[in-house]
Amino acid sequence: MKDSFIIIFDADNTLWDTNAIFQEAQFAILKDFQDAGWLTNFQSRLGELRRIDNLLMQRHRKNEYSFDDLVIALSLFYNQNLSEDIAVSLALERRGESLDSSTLAVVTKAKQKFFQKLEGIPNLLPGVQEVLNILYEHRLRNRNLATVLFSEGKAERLDPVMLTHNFKEKSYFDEIVIGQKSPESFKKAAQTVSFENEGNAPIVVVVGDSLKRDIQPANEAGFVTVYIPGGFQGNEKPKLINEEPNFTIRNIYQLLPILQKLGVSIN
Ligand SMILES: [Mg+2]
């Protein structure tokens, strides 16, 4: 009996360039803080901002925390010259309560600009449209391939992106799953699709840009993993054995020969 295949795609920075949108929003905060006289040379400050952002992700245990905390932590870091750690701790402890009114005015304005910029629609990454079209054509002719989109992002942010790029209309995915990523949730995401031909267990291929969020849990679920480094995390090096991907690709086109090798008859 023919094998069946499920491809699970991560969304942010795998299919579309969320990083570019976030970067623009983050620069807006830095620019406002520069206008307030809290820092100079705002274009060179992204590294500092990203370190504070990272600390907040760790403290919140998710990538998409309440970003008010980011703006407040940055204001403490730049305006009060606190260390990154202390700025983050204070922001989480007291939120904005300790800020005086002139600081609060700058923070509020920066926050508004940040959230406004975040509403921008990211572009699809190069090749994504073409590869999804090829997979779509293949799925029409072969009932042994299914595609799933699995994201940790907030639905209210992801929906407009998919709408703008006509993802739902074009039926690029059999299922769209939103939730925290873990070995169990990857298995559940795979179980959302079924095949007429109930033969062997399907071969599941997971494609993502994060070793921690995508590759590690998918490895632990026993799936084939394809790592595609993106703009957000850059090219990560595996720190643990189970973060090691089966394949690393530089662009999404390189997924196609991997699928062929696994037995998907894409021409
Ligand atoms: Mg991602």
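Selection of the range 1-38 for residues being within 16 Å of the ligand (Cβ to nearest atom) and either touching a His at 6+ places or on another chain (Cβ under 8 Å) or closer than 27 Å to ARG141 by Cα (or both) yields ILE7, ILE8, PHE9, ASP10, ALA11, THR14, LEU15, TRP16.
Residues that are within 18 Å of the chain's Cα centre (by Cα), at positive phi and assigned to a loop (DSSP other than H, G, I, E, B) within the range 217-261 are absent altogether.
Looking at ASN41, ASN54, just one residue is more than 16 Å from the ligand (Cβ to nearest atom) and out of contact with any Gly (no Cβ under 8 Å at 6 or more places or on another chain), and that residue is ASN41. Using the structure shown, decide if GLN216 is surrounded by 19 or more Cβ atoms within 10 Å (Cβ to Cβ), in contact (Cβ under 8 Å) with a residue 24 or more places away in the chain, under 22 Å from GLU236 (Cβ atoms) and within 16 Å of the ligand (Cβ to nearest atom). Judged against the criteria, GLN216 is a match.
Can you name every one of the helices (runs of 4 or more DSSP H) wholly within the range 22-129 that holds 1 or more residues which are small (Gly, Ala, Ser) and touching a residue at least 24 places away in the same chain (Cβ under 8 Å)? Working first, answer last.
On the way: elements: 46-60, 68-79, 84-94, 101-118.
Answer list for the range 22-129: 68-79, 84-94, 101-118.
Here, each number is a calculation from the coordinates, and none is a lab measurement. Fair warning: this is a prediction, and the values are worked out from it, not measured in the lab. All Cβ positions, glycine included, derive from the backbone under ideal geometry; neighbour counts span all protein chains shown.
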